[in-house]
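Participant: Take a look at this one; I'll ask things after.
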Amino acid sequence: MRLSRYFMPTLREAPADAQIVSHQLMLRAGMIRQEGAGIYAWLPLGHRVLKKIEQVVREEMDRAGAIEVLMPTLQLADLWRESGRYDDYGDEMLRIKDRNDRDLLYGPTAEEVITDIFRAYIKSYKDLPKNFYNIQWKFRDERRPRFGVMRGREFLMKDAYSFDIDEAAARRSYNRMFLAYLNTYARLGLKAIPVKADPGPIGGDLSHEFIILADTGESEVFAHQDLVDMGAPGPDIDWDGDLEPMVAQRSQLYAASDEMHDAARFEAEVPPDKRMTARGIEVGHIFYFGEKYSKPMKALVTGPDGKDAPIHGGSYGVGVSRLVAGIIEASHDEAGIIWPDAAAPFGAAVVNLRPGAADVDAVAEQAYKALTDRGKEPLLDDRDDRPGAKFASLDLVGIPWQLIVGPKGVAGGMVEIKRRATGERQTLPLDAALKVITA
RNA sequence: CGGAGUGUGGCUCAGUCUGGUAGAGCACCGCGUUCGGGACGCGGGGGUCGCAGGUUCAAAUCCUGCCACUCCGACCA
C-alpha cells in the first residue's frame, strides 16, 4: 500500500473523550471513529488489525477442530422465549420490531441460534462431538459503555459452542478450547492467565476467564508465578488425545481475579517468592453449561442405548475487538503502539525520505516490491512530508519494521532498518536489510 | 440506573462569571524557502457556539426544557 493513496488520518493530540491509553492511541492512529456511545466505525488501519486478529483466532479454532459458521446478527425473539432467556436478559438486549410487528433482537450471544441449527440436523451420538464457532458482531446495550472498543456496545466476538453426548465428553471439548485459547493469545504476543471463573448456577469447576497482563488493566490478578511462566502449549499437540494433564497443569496452580480471590488460600498455596500480583484485562471466557439450552430447546441426540438425551453444551468466547485495545494496553510506549507481528496492520514500512529524488525513489520502490513479493504486506511512505513527521506517525501506528531509504544512505549503497519494539537500528545494504525483515 | 462533569471549525482549547454579534495552536488550501525525528515565512478557506423555546435594543454568554458524550459506582467478551 502506498501511503500517499491510503487513508490513515493520524492525530497529534488525543481527543479529550479518550481516557485510557489504548483508546487514545487508536484515535490518534486513525484506527477508529466514534459514532455514538460504545459504537465505532473501523477505519482502514483499525480494520486491518481487526482482520489480522480475527485470522489468528480463526486459525487456532480450526486447529482445535472447531467448524466455522456465520450466524445472523438479528435473531428471532421466539427462539429466546424457548430457552427462557428473552425475559431474563433485561435491558442489555436490544429489542427490535420488524414491519410485521415481529419481535427481533440484535444478538448479544448465539446459544439459541446455534442450538436451533444443531437440533435441526444432528440426531445421533455418532455425529458428536461437534464444535461450531463464528466471528460476528454482537450488541449488548451496556449501562455504561466506556474505554473505546474495550467496552463497546457493539463488539466483534468469536463465540464457539460445543455439543457432546455427556459431561465427560464435554470436558474434552472444554479442554481443547482451553488450550487453543492459550495458543491464540501467545501468537498475539500476549501473556494470558487462565483464572477460575464463577461457574454460575451449573456449578462444577468448568469455567475459566483468560486475563492478559497489562499494567493499565481493569482487574487485578493473583497467580502463581510458575503459571505465568509456563507459556502456551503450542500448536503441535494431539488434539484428539488426552489433554487433561496439560489443562490440569495449568488450572491447578493458584490463579484468581479480584472477585474470586481468596487471600488465605493464595498465601497457603503459593510460596512468598512465587506470589504474583498484576493487573489485567479479560479477553476470553469459556464455560460448560450442560443441558441448560439443550433441555428446554430439545436438542436431543440418540445415544448408543437407543434413547434420546439432551446434549451437553459449552460455550467459548473471545472478544476480538477488545483484543485490539488489549494488545495496545499491553504493548505501547511514549511514541505510540507497538504491534506484535501477528496483529500488525502492515508488516513493514518502507520510508522514502526524499520522494521525487530519482535514486531514492528507485531504491524505495525496489524495497517495496521485494517486501510485497515476500508477503510482508508493506506500507510505502511516499508522502511529501518531512522525515520527522514520517517517523513520528509510523512510530505512532506501530508498524514493526521501518526500512528507511534516504539520499545519504542511497549514495553509499545502504539503507537503514529500525525495529519498532526495541528501537534498534542497523545500516545495511538493501539485500541484507530485506533478509533481516523477512527472517 | 444513581452521582459528577462537558458540549465553541476535523483535533486541543480560550472566550461564558461581568450580554455588545467569535479567537489561538494544530490540521487544510496557494506560493516560496526547507528536508534523517511532528520546519518556517507570506497569503487564504472553513464555525446555525449541541437542539428548542424564553428574557433583552442586543445572547456563545442569562433563564427553562430537551439531547448527546465523558468520568465515578453496581454488571460484562
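Participant: Hey, among A:Val301, A:Val324, which residue is away from RNA strand B (no atom under 16 Å from the Cβ), β-branched (Val, Ile, Thr) and either in contact with a Ser or Thr (Cβ under 9 Å, 6 or more places away or on another chain) or in the same structural domain as A:Arg176 (by TED's automatic domain parsing) (or both)?
Facilitator: Residue meeting the stated conditions: A:Val301.
Participant: Still on this model: Please specify each residue of segment A:378-404 satisfying the condition of being without any contact (Cβ under 8 Å) to a residue 60 or more places away in the chain and within 15 Å of A:Pro340 (Cα to Cα).
Facilitator: Within segment A:378-404, A:Leu394, A:Trp401, A:Gln402 meet the criteria.
Participant: Continuing with this model, one more query. Looking at A:Met26, A:Met71, can you tell me which residue is crowded, with 18+ Cβ neighbours inside 10 Å, more than 28 Å from A:Ile114 (Cβ to Cβ) and at pLDDT 95 or above?
Facilitator: None of the other options fit; the residue is A:Met26.
Participant: Would it be correct to say that A:Glu329 is surrounded by fewer than 22 Cβ atoms within 10 Å (Cβ to Cβ) and of a type outside the set (Ser, Thr, Tyr)?
Facilitator: So A:Glu329 fails the test.
Participant: Would you check which residues across segment A:386-411 are assigned to a strand (DSSP E or B) and more than 6 Å from RNA strand B (Cβ to nearest atom) and list them?
Facilitator: A:Trp401, A:Gln402, A:Leu403, A:Val405
Participant: A:Thr184 fails exactly one of the following numbered conditions: (1) open to solvent by 10 Å² or more (accessible area, probe 1.4 Å); (2) within 13 Å of RNA strand B (Cβ to nearest atom); (3) not in a strand (DSSP E or B). What is the number of that condition?
Facilitator: So the condition that A:Thr184 fails would be (1).
Participant: Restricting to segment A:29-55, name every residue that is in a loop (DSSP other than H, G, I, E, B) and surrounded by fewer than 19 Cβ atoms within 10 Å (Cβ to Cβ).
Facilitator: Passing the criteria: A:Ala37, A:Leu43.
Participant: Still on this structure: Which residues, taken from segment A:56-68, are surrounded by 15 or more Cβ atoms within 10 Å (Cβ to Cβ) and outside any helix (DSSP H, G or I)?
Facilitator: The answer is A:Ala64, A:Gly65, A:Ala66.
Participant: Taking segment A:412-429 as the region of interest, how many residues are touching a residue at least 12 places away in the same chain (Cβ under 8 Å) and either within 6 Å of RNA strand B (Cβ to nearest atom) or assigned to a loop (DSSP other than H, G, I, E, B) (or both)?
Facilitator: 7
Participant: Sort out for me the strands (runs of 3 or more DSSP E) sitting completely within segment A:261-311 that have 1 or more residues that are over 29 Å from A:Glu329 (Cα atoms) and open to solvent by less than 20 Å² (accessible area, probe 1.4 Å). Talk me through it step by step, then tell me what you get.
Facilitator: Working: elements: A:275-290, A:300-302, A:308-310.
Correct list: A:275-290, A:300-302.
Residue-wise test of (1) of a type in the set (Val, Ile, Thr); (2) open to solvent by 30 Å² or more (accessible area, probe 1.4 Å); (3) in contact with a Phe, Trp or Tyr (Cβ under 7 Å, 6 or more places away or on another chain).
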{"residue": "A:Asp361", "(1), (2), (3)": "no, yes, no"}
{"residue": "A:Gln366", "(1), (2), (3)": "no, yes, no"}
{"residue": "A:Ser393", "(1), (2), (3)": "no, no, no"}
{"residue": "A:Val405", "(1), (2), (3)": "yes, no, no"}
{"residue": "A:Ala439", "(1), (2), (3)": "no, yes, no"}
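Participant: Further, regarding this structure: Is there a residue being without any contact (Cβ under 8 Å) to a residue 40 or more places away in the chain and either touching a His at 6+ places or on another chain (Cβ under 8 Å) or more than 11 Å from RNA strand B (Cβ to nearest atom) (or both) anywhere in segment A:45-52?
Facilitator: Yes, there is a match, as at least one residue in segment A:45-52 is without any contact (Cβ under 8 Å) to a residue 40 or more places away in the chain and either touching a His at 6+ places or on another chain (Cβ under 8 Å) or more than 11 Å from RNA strand B (Cβ to nearest atom) (or both).
The values are calculated or read from the model by the stated rules, or taken from the named source; none is laboratory data. Only a predicted model underlies this, so the values are computations on that prediction, with no experimental measurement involved. With ideal geometry, Cβ positions are generated from the backbone for all residues, glycine too; neighbour counts draw on all protein chains shown. The accessibility values were calculated without ligands, DNA or RNA, using every heavy atom of the protein model including side chains. Shrake-Rupley method; radii C 1.70, N 1.55, O 1.52, S 1.80 Å.
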